[in-house]
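Some notes on the structure that comes next.
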Amino acid sequence: MSFFGFGQSVEVEILLNDAESRKRAEHKTEDGKKEKYFLFYDGETVSGKVSLALKNPNKRLEHQGIKIEFIGQIELYYDRGNHHEFVSLVKDLARPGEISQSQAFDFEFTHVEKPYESYTGQNVKLRYFLRATISRRLNDVVKEMDIVVHTLSTYPELNSSIKMEVGIEDCLHIEFEYNKSKYHLKDVIVGKIYFLLVRIKIKHMEIDIIKRETTGTGPNVYHENDTIAKYEIMDGAPVRGESIPIRLFLAGYELTPTMRDINKKFSVRYYLNLVLIDEEERRYFKQQVRPGHLPKTPGGPRADR
């Protein structure tokens, strides 16, 4: 609705040149829903057009300039007033003047650096988006379009197995082993648990996948733990000398790549928690190993998607 002529009198749309052929990827929004966005990788060009359609063809639209921006931004939820931009590119589309009819402006951001993976978490959001702005004296007209960025990397040269012994003196002694220490997001965790000494009446055993999101720095660091999955290994009492195999398929869980100190704002790490519960409901657990980001070589298909 236009009030004293100050309302929005133009519709703005951002259209990508390769919209019909470009892949889309599901991404979780801040309210927990999943939506599909156009998918980009680091170094890819982002091009298209900004389309302006006048709502009243008989009325001219005066403006102070038209521009399009490509922005990579981190937002910490406890500090929503401050947006930390790590990518900020601007293209001027039109000088100050007036628009008398609907028209479109082409734009191109060539070989854009997109260093981080798109991420929406408990306390932080990393997003990439295009923003078209028609500058006006009293109220700008703004249109935004989000995209999703996935990162590529290589397999690590070293990916050794994990083997540990843990227990309570004279009560419980177990040994657990996982086939490797780094996993991609479609991987399978293969392992085995050996019971060397059992003098506690254990009734249940499980592996939990824990996501730990760390935001902030110094005294303002916040840790948020989220249990992504609970995988039952055993229901019943084990005996000495028994071994239990583990095959945990990661593809069915909502995992993201491991993120380490992203722009000095946040980190995301994953842990495997081995949990034992006895007949008196006491819990014994040992935390180990991080399933994380391990895609195929750059330019090839992602192993973690």
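Taken together, the values in this text are just the output of simple stated rules run on the coordinates, not laboratory data. Quantities reported herein were computed from a predicted structural model and do not represent experimental measurements. Because the Cβ atoms are built from the backbone with ideal geometry, glycine has one as well, and the counts that use them run over all protein chains shown.
The table below gives the values:
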{"read-out": "For region 10-149, alpha-carbon Rg and Dmax in angstrom", "value": "16.2, 48"}
{"read-out": "Where GluC sites (Glu not before Pro) in DSSP loops with at most 15 other Cβ within 10 Å are excluded, longest remaining stretch of the chain", "value": "31-112"}
{"read-out": "Cβ-based net charge around Asp42, under 11 Å, with every Lys or Arg adding one and every Asp or Glu removing one", "value": "-2"}
{"read-out": "Estimated vicinal HN-Hα couplings, Hz - region 232-247 in sequence order (Karplus 6.51, -1.76, 1.60; Gly, Pro = x)", "value": "6, 9, 8, 10, x, 8, x, 10, 4, x, 6, 10, 10, x, 10, 9"}
{"read-out": "Above-threshold pairs, the threshold being 26 Å between Cα atoms, out of Lys125/Lys192; Lys49/Lys265; Lys23/Lys55; Lys36/Lys114; Lys114/Lys143", "value": "Lys125/Lys192; Lys49/Lys265; Lys23/Lys55"}
{"read-out": "Dimensionless Rg over Rh [the chain; C-alpha; Kirkwood]", "value": "1.13"}
{"read-out": "Modelled FRET efficiency - R0 41 Å, Ala25 with Ile244, Cβ distances, 0.05 increments", "value": "0.65"}
{"read-out": "Angstrom value of the Kirkwood radius, inverse mean 1/r, which spans all Cα pairs in region 162-289", "value": "16.0 Å"}
